[in-house]
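Here the structure comes first, spelled out in structure tokens, and everything after it is commentary.
Values in this text are rule-based calculations from the coordinates and carry no lab data. What you see is a predicted model; the values in this text were computed from it and never measured. As a convention, Cβ positions derive from the backbone with ideal geometry for all residues, glycine included, and neighbour counts pool all protein chains shown.
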Amino acid sequence: MRKILLLVTLLLTFFNLFAFSATADSSYVLPYPSSMPGSSFYKLGLLKEYILKYWYFGDFGQFTYNLKESDRYLVEAKTLFEYKQYLLAYQSLRKSNQYFKNTAPYLLKAKEHGKDIKDKSIILKEAGRKHLQVLNILKSELPSEFTWTPEKDSSQSLEISRLLKASIDLREKYEKVNF
Amino acid sequence: MKKLIFSLYFLFLVFFDWFSYLFVDPNISYLKSIYTGYYLTNRGEVASIYSLLVVIFFIFFFYFLKLVKNKNLSLKEIIFLIAFSSLILLFSYPAMLSYDIFNYIATAKVAFFYGENPYLVMPIEFGNEPILAFMQAANKTALYGPFWILLTGIPFFLGFSNFIATLFSFKIFVSSFYVLTCFLSYKLSKDRFTLVLIGLNPLILIESLISSHNDIVMMFFALLSVYFLLRNGKVKSYLFLFFSFLIKFATFFLLPVFLVFKKIKDRQKFLFLFLSMFAIFLLSNFREIYPWYAIWFLVFAFLTPKNKIILWVSLAFSFSLLFRYIPFMYFGTHFGNTPLIKTSVSFFFPFATLIYLFFAKRLNR
């Protein structure tokens, strides 16, 4: 009986250690990858993205919408890069950046309108940190440049490292903003 | 004698108004000067007084029913009673039994003052919002339909950003729908007895005029749709039914009855409408039955007062559901024995009434 108790205690301690290390980086959670370009569901997703732009009205609404879309496109870019779909990944990351860029202005607008933005600015900074984690991993794994040659079109040079640097700079810039 | 009873009734309503202010929340800074905290320190007394008031309310109600049954109450007198009841209870404290009015105001503020989508943004997200100190569903997005949110723009703007003015503006707004419902029920029934059953029913009065629940607004649009359905105005009828379930989704369950409405015998039409709303009322027990949910079926039940079982069971529910508030008033908690007592008091009288009616019928044979 003693042995069993000791074993259970040891196991619980062991799992607890893992639980600690799992939450150490950032509490912000990125979404699961959704449907990818090429799938018919992806087109529906684009329609949803367009409709939601109007559903998420208001400063807080637009802030949430832009951050959500930025997260979604970042995860999409990461997945596509992993599958070496560089052109699509490149485009997704650009979209993620554009959406991320839109977040802070809406937060500042909310502040101008007398809304308390303390919690939202923390969320934005947490999100930025999480994005930076992903972007830094991508930076270490991806080639700095890639020439994409489609079957029936002219080739295209993708300056991946430059885009990644711009993405990182944007997140770092927002992390320093004092809301 | 009648005049004396009327005067006593109005005095009683004034007392009810005064009693409601014993429940002022300590966190409402706007009403700090009248806060007593009495309900927190004298739970037993408050619960006893409330029970007594409900009983007296019903004694008056049955007296008025008796008068109208004996053709001793004219339409003018009923209108006078309804009008004065509305006017007096308009001044009561609305969060005596439920804090829903604060949710209505907070949701309207999210939509019309902050310009945010209340289905996405919760009131709690506005950290400096004073209403957060006393509202109870700050961490929830809008609970009601979009038509209700749109309608609340009217009382919200009429409050001119003043909390007390907004609070009473909401009360006036909901009360006006109570008056309209009374008017429409008389138009549908042409029966003074029905008008008294709906217009002077203590549960409907308390939940619509004191607590200002939007259920009466939903039921007004449902009745309006029935009104047009009976007059073959199909488009208007479905449009108002649509408006009704865009306030609170309960009246969606009238739709199946609407679809077969023509096939139902004339004298059974209201019975079917009652049954569908009664079914959804009972189904809400899976979550929790709130006293104001009874308005959903009471309105249709009283439009068919010839059915004795429906009439008496509905009256029993009107009475018993008002006692659901007592366990919380007394214990100050929603846990422990409170849920069991609440369920018991809600169903005891209706069951007892049903059993009585069953045996009375057998004995009469």
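Given R₀ = 56 Å, FRET efficiency for B:PHE359-A:SER34 by Cβ-Cβ distance, to 0.05?
According to the calculation, E is roughly 0.30.
Which of the lysines could be linked to B:LYS2 by a straight reach, that is with a Cα gap under 24 Å, when you skip same-chain ones fewer than 8 residues away?
Straight-distance partners of B:LYS2: B:LYS66, B:LYS69, B:LYS71, B:LYS76, B:LYS190.
Points 7 angstrom from Cα along the Cβ direction at B:TYR38 and B:GLU288: gap in nanometres?
Each label point lies 7 Å from its Cα, and together they span 2.6 nm.
What order do you get for B:174-185, B:198-209 when each peptide is scored by the mean count of other beta carbon atoms within 10 Å, highest first?
Put in order of decreasing packing, that is B:198-209, B:174-185.
Can you list the trypsin sites (Lys or Arg not before Pro) in region A:64-166 that are in a DSSP coil and have 14 or fewer other beta carbons within 10 angstrom?
Answer in residue order: A:LYS84, A:LYS152.
Cut-off under 24 Å on the C-alpha distance; same-chain residues fewer than 8 positions from A:LYS152 excluded. Which lysines are left, in chain and number order?
Qualifying lysines at Cα under 24 Å: A:LYS43, A:LYS84.
Cα extents of region B:189-237 along the three principal axes, largest first, in whole Å?
Rounded to whole Å, the extents work out to 35, 24, 9 Å.
Considering the zone a paramagnetic label at B:ILE49 would reach in this model (a point 7 Å from Cα along the Cα-to-Cβ line), which residues of region B:307-340 have amide N under 20 Å from it?
Only B:322-333 fall inside the zone, counting backbone N under 20 Å.
Need one word for region B:1-124: rounded, prolate or oblate. Basis is the Cα gyration tensor (sqrt eigenvalues a ≥ b ≥ c); a/c below 1.5 gives rounded, then a/b vs b/c decides.
Oblate.
Calculate the spin-label point distance for A:TYR54 paired with A:ILE122, positioning each point 7 Å from the Cα along the beta-carbon direction, and give it in nanometres.
Result for the modelled spin labels: 3.5 nm.
Please list, by residue number, every one of the trypsin sites (Lys or Arg not before Pro) in region B:232-327 that is coil in DSSP and has at most 16 other beta-carbon atoms within 10 Å.
Here the sparse-neighbourhood loop sites are B:LYS265, B:ARG287, B:LYS306.
Can you compute the modelled spin-label distance between A:ASN136 and A:LYS109, with each label point 7 Å from Cα toward Cβ, in nm?
It is 3.2 nm.
What average count of beta carbons from other chains do you get within 10 Å of the Cβ of residues in A:51-58?
Whole-number average of other-chain Cβ neighbours for A:51-58 is 3.
Quick one: what are the phi-derived ³J(HN,Hα) couplings along region A:154-170, Karplus 6.51/-1.76/1.60 with θ = phi - 60°, whole Hz, x for glycine and proline?
6, 6, 9, 8, 10, 8, 5, 5, 5, 5, 5, 5, 4, 5, 5, 4, 4
At a Förster radius of 35 Å, what calculated FRET efficiency corresponds to the Cβ-Cβ distance of A:LYS84 and A:ALA166, to the nearest 0.05?
0.95
Restricting everything to alpha-carbon atoms, can you work out Rg to Rh for chain B with a Kirkwood hydrodynamic radius?
0.96
Take each uninterrupted DSSP H stretch in chain B, measure its Cα extent along the helix axis, and return the ones at 18 Å or beyond whose mean Kyte-Doolittle hydropathy is at least -0.5.
Helices meeting the criterion: B:2-20, B:43-69, B:75-89, B:146-158, B:163-189, B:215-230, B:269-283, B:308-321, B:338-364.
Would you please classify the overall shape of region B:1-54 from the alpha carbon gyration tensor, given that a ≥ b ≥ c denote the square roots of the eigenvalues, rounded means a/c under 1.5, and beyond that prolate means a/b larger than b/c while oblate covers the rest?
It is oblate, given that a/c is not under 1.5 and a/b is not larger than b/c.
Using modelled amide H (1.01 Å from N, peptide plane; none on Pro or chain starts), what sits under 5 Å from the amide H of A:PHE57, excluding residues fewer than 5 places away?
Long-range HN contacts for A:PHE57: B:ASN117.
Efficiency by 1/(1 + (r/R0)^6): what FRET value for A:LEU47 and B:LYS262, r their Cβ-Cβ distance, R0 = 60 Å, to the nearest 0.05?
Between A:LEU47 and B:LYS262 the formula returns 0.90.
Over the Cα atoms of region A:57-179, what is the Rg over Rh ratio if Rh follows Kirkwood?
Ratio of gyration radius to Kirkwood radius for region A:57-179: 1.05.
Of the trypsin sites (Lys or Arg not before Pro) in region B:23-100, which ones lie in a loop per DSSP and count no more than 11 other C-beta atoms within 10 Å?
Here the trypsin sites (Lys or Arg not before Pro) that fit, given the DSSP loop and packing criteria, are B:LYS71.
Rounded to the nearest 500, what is the 222 nm mean residue ellipticity of chain B from helices alone, with -39500 (n - 2.57) per DSSP H run of 4+ residues and division by all residues?
Helix contribution divided over all residues of chain B: -20000 deg cm²/dmol.
Within 10 Å, at most 16 other Cβ atoms, and a DSSP state outside H, G, I, E, B define an exposed site. Report the longest part of chain A free of exposed GluC sites (Glu not before Pro).
Formally, the longest exposed-site-free interval is A:1-144.
Please average, across the residues of A:111-121, the number of beta carbons from any other chain that are within 10 Å of each residue's own beta carbon, and give a whole number.
3
Could you pull out every residue, at least 5 positions away or on a different chain, whose amide H is within less than 5 Å of the one on A:LEU158? Hs are placed 1.01 Å off N in the peptide plane, and Pro or chain starts have none.
Under 5 Å from the amide H of A:LEU158: A:PHE146, A:THR147, A:TRP148.
Could you please rank A:ASP153, B:ASP100, placing first whichever residue has the fewest other Cβ atoms within 10 Å of its Cβ?
Ordered by Cβ neighbours within 10 Å, fewest first: A:ASP153, B:ASP100.
What ranking of B:VAL55, B:VAL257 emerges when the number of other C-beta atoms within 10 Å of each C-beta is taken as an exposure proxy, fewest first?
The fewest-first ordering by Cβ neighbours comes to B:VAL55, B:VAL257.
Within 10 Å of each Cβ of B:117-126, how many other protein chain Cβ atoms are there on average?
For this peptide, the per-residue mean of nearby foreign Cβ atoms is 5.
Using the number of other C-beta atoms within 10 angstrom as an exposure proxy, rank A:THR79, B:THR251 with the fewest first.
Neighbour counts put them in this order, fewest first: A:THR79, B:THR251.
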